[in-house]
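The values are calculated or read from the model by the stated rules, or taken from the named source; none is laboratory data. All values reported here derive from a predicted model rather than from experimental measurement. Here the Cβ is made from the backbone with ideal geometry for all residues, glycine too, and neighbour counts use every protein chain on show.
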Amino acid sequence: MMQEPSTIEPGYESPRAMLSGQSLVTLLALVGAKEMAVEALRGRIKLDPRAFANLLGWLQREYLVDVVSTLDGDHIQEKVELTERGEAVLVSMLEKTCELPELR
């Protein structure tokens, strides 16, 4: 039997209930740049490697971020990208939390 994946919809009453403080910090760190190297992002939000891997995995499962790998010579570079869904969830949560100017 296949199980439906859990999702966060921007229209849900409280996406904030689904986002931890670290998730929010991560999405906010990505919102300006749209993408950031994995290690740079981990350093910015100051999590140990294991906690960061768990957080990143959760954000990917919820389709809030994508991790994109590219080959640069002999090195694999990984970047975290904010998805449209991640941006929508973040904007929705911020709109419910405080008065925001029109962003679009």
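Could you list, ordered by first residue, the pairs with Cβ atoms under 9 Å in which the first is in segment 26-46 and touching a residue at least 40 places away in the same chain (Cβ under 8 Å) and the second is acidic (D, E) and in a helix (DSSP H, G or I), at least 6 apart or interchain?
Between residues of segment 26-46 that are touching a residue at least 40 places away in the same chain (Cβ under 8 Å) and residues that are acidic (D, E) and in a helix (DSSP H, G or I), the close pairs are L27/E87; L30/E87; V31/E87; K34/E87.
Hey, any hits in segment 81-92 for a residue that's in contact with a helix residue (DSSP H, G or I) (Cβ under 8 Å, 6 or more places away or on another chain) and either assigned to a loop (DSSP other than H, G, I, E, B) or surrounded by fewer than 14 Cβ atoms within 10 Å (Cβ to Cβ) (or both)?
Within segment 81-92 (the criterion being in contact with a helix residue (DSSP H, G or I) (Cβ under 8 Å, 6 or more places away or on another chain) and either assigned to a loop (DSSP other than H, G, I, E, B) or surrounded by fewer than 14 Cβ atoms within 10 Å (Cβ to Cβ) (or both)), the answer is no, since none of the residues qualifies.
May I ask you to verify whether R50 is basic (K, R), part of a helix (DSSP H, G or I) and modelled with pLDDT of 80 or more?
It is true that R50 is basic (K, R), part of a helix (DSSP H, G or I) and modelled with pLDDT of 80 or more.
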